[in-house]
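Written below as C-alpha cells is the structure these notes are about.
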Amino acid sequence: MGEVVRVVFLGPPGAGKGTQAKFLEKKYGACQVSTGDILRKAVQDRTAVGKKAAGYLEKGQLVPDEVMLNLVAERLREKDCAKGFILDGFPRTVAQAEGLEEILGELGWKLDSVLCMRVPQEMIIQRLSGRRSCKKCGNLYHVVLNPPQREEFCDRCNGELYQRDDDREETIRARLHVFETQTVPLVHYYRKRGLLREIDGVGSVEEIRARVFRELEEGAA
Ligand code: AMP
C-alpha cells in the first residue's frame, strides 16, 4: 500500500473497529473518522445536527442517510483527511455506500479496502457491556479484556472514563438488529467490488491488530 490509506471498517458494534482504527491512525498518519464520535459530540454541543440525531442515538437506530452523507462529505474535505482516512462506523447502509462512492469520486479518491471484522454475538454483548471510553481523548478500554492501569482513568491522558448511554442491554439488542438488517448487505456490496477483506475479530487486541496490519500489507503486495 502507498503512503496514504483509505479504508473502511465494517462490523457490528463492539467488533473492535474503533480500537483498531486508532492503531491504523497512528501507524499510517491517517485520520480516524468515527461517525459515532462525531454525532455524540454534536449531541453534547447541541448543534443542529446533534438535535436531529439525539433521538436516534438514544434508541440505537440509524440517523437518516442524508444527514450522515452531508456530515461525512464535509469531514472528508477537511485538510487532515488528505493524509488518508479510516472510516469507522460509516457507511452503515447501501445508500450511504453509494453516496460515499460519489463523494470520493468528486475528490478523486478510491477506497483501498473494506476491513470486515467478524465477532460472534455473545462476545459482542460481553465487549459492549464492559466498554469504557475516555471523556477527554476518546481512547477505548474494557473493564476485563483491556483494563486501564488506574481504574476509571485513561492511561494516555488521565481523563475520566465513562460508559456510553447506548451500551445498555436493550439498546445493544436494537443496535445488533439494525446491523443485521441494514449493514450486513454491505458485505455483499463490497465483496462484489473486490474490496472486502475479512478479519477474525476474536482474540486479544494485539492479535487482532497483527491481523489487520497483515491484511493491509498483503492487500498492497
Ligand atoms: P457507533 O459509535 O458507531 O456505535 O454509533 C453510535 C450511534 O450513532 C449509532 O447507534 C447510530 O445511532 C449513530 N450512527 C453512527 N454512525 C452512523 C451511520 N453511519 N449512519 C447512521 N447512524 C449512525
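No lab work stands behind these numbers, since they all come straight from the coordinates. Since the structure is predicted, the reported quantities are computational estimates derived from the model, not experimental observations. A quick note on method: Cβ atoms are made from the backbone with ideal geometry, for glycine too, and the neighbour counts reach across all protein chains shown.
Here each label is just a point 7 Å from Cα along the line to Cβ, and for A82 and T181 those points are 4.3 nm apart.
Just to be sure I understand the curve: with the Debye formula and one point per C-alpha of the chain, what is log10 I(q)/I(0) at q = 0.12, 0.18 Å⁻¹? Summing over Cα pairs of the chain leads to -0.62, -1.59. Local charge for E207 was computed over the other residues whose Cβ lies under 14 Å away, with Lys and Arg +1 and Asp and Glu -1, and equals +1. Distance from the Cα centroid of region 54-92 to that of region 164-187 is 17 Å (rounded to whole angstrom). Of all lysines in the structure, the ones whose alpha carbon falls short of 16 Å from that of K83, not counting any fewer than 8 places away in one chain, are K22, K26, K27, K110.
The relative contact order of the chain, computed from alpha carbon pairs under 8 Å that lie at least 6 residues apart in sequence, is 29 percent. Across region 133-221, C-alpha contacts under 8 Å between residues 6 or more apart give a mean separation that, scaled by the residue count, equals a relative contact order of 18 percent. Averaging over all projection directions, the Cα-based convex hull of region 120-167 occupies 3.2 nm² in the image plane. Based on the Cβ-Cβ distance of K59 and V4, what FRET efficiency does E = 1/(1 + (r/R0)^6) give at R0 = 35 Å, to the nearest 0.05? After rounding, the FRET efficiency stands at 0.40. Remark on V33: its backbone amide H falls under 5 Å from those of I86, L87, D88, a criterion applied only to residues 5 or more positions apart or on other chains, H modelled at 1.01 Å from N. Near K52, which lysines are there with a Cα under 19 Å away, not counting those fewer than 8 places off in the same chain? Answer for K52, where 19 Å is the Cα cut-off: K41, listed by chain and number.
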